[in-house]
Amino acid sequence: MTDTWTSTASTAGVPPVPDTLKIVVAGGFGAGKTTLVSALSEVESLHTEEIMTEPSVEVDDLAGVEDKTTTTVALDFGRITLDADTVVYLFGTPGQRRFAYMWEELAVGALGAVVLADTRRLADSFDAIDFFESRRVPFVVAVNCFDGQLTHRAEDVRVALDLHDEVPLSLCDARDRESVKGVVVELVSLVLRLELSGA
């Protein structure tokens, strides 16, 4: 795959062993995490999706996502090669509260996180935001604009989520690779700024 951020060049004909970075993609049920990982990954992404059964429908609130028929039960996994020296691994979390124990495992060693927000179910973002804030994991918030529709202004979403000023918030389409690539670049920029400032 040809990509503007991918280079396969090596020095002296010997490919270097790339550094590996880990990014967690979290957010509420049905926010588009699986779609985002699929859009970004340069290899066929791994998903642990299961068909939603009648018992799960009674447990999971489908308000706003009534057409959803599958759900992630463990994780989504994808890979991005930034350049000859750096590979990023993406780990998407399940969205339901009952799978929160998976977040602890997936957050270990993470460079940072993307919290994907769905304005139809904005309150579902609070658990992920609280999780990363309490563990001091750098994160950005990306508002998924379904069908290209922006239903709320970014400033209003920031206020509704009670985000600190230093937390970047952007708009994206989880289906569009270029759109979500910008979210990852924003996260890496945030991490670099925090490291330079010693925060």
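The values are calculated or read from the model by the stated rules, or taken from the named source; none is laboratory data. Small disclaimer: the values here were computed from a predicted structure and weren't measured. Note: ideal-geometry Cβ built from the backbone for every residue, glycine included; neighbour counts use all protein chains shown.
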Among (1) buried (at least 23 other Cβ atoms within 10 Å of the Cβ); (2) over 15 Å from the mean Cα position of the chain (by Cα), Asp83 falls short only on (1)
Glu195 is checked against (1) in a loop (DSSP other than H, G, I, E, B); (2) exposed (fewer than 11 other Cβ atoms within 10 Å of the Cβ) and fails just one. What number does that condition carry? (1)
Of the residues Arg121, Arg193, Arg158, Arg136, which is within 17 Å of the chain's Cα centre (by Cα), charged (D, E, K, R) and modelled with pLDDT of 90 or more? Arg136
Only one of these conditions is not met by Ala160: (1) crowded, with 16+ Cβ neighbours inside 10 Å; (2) in contact with a Ser or Thr (Cβ under 9 Å, 6 or more places away or on another chain); (3) not β-branched (Val, Ile, Thr). Which number is it? (1)
When you go through Thr86, Thr70, Thr53 one by one, which is the residue that is modelled with pLDDT under 75, of a type in the set (Ser, Thr, Tyr) and over 18 Å from Arg175 (Cβ atoms)? Thr53
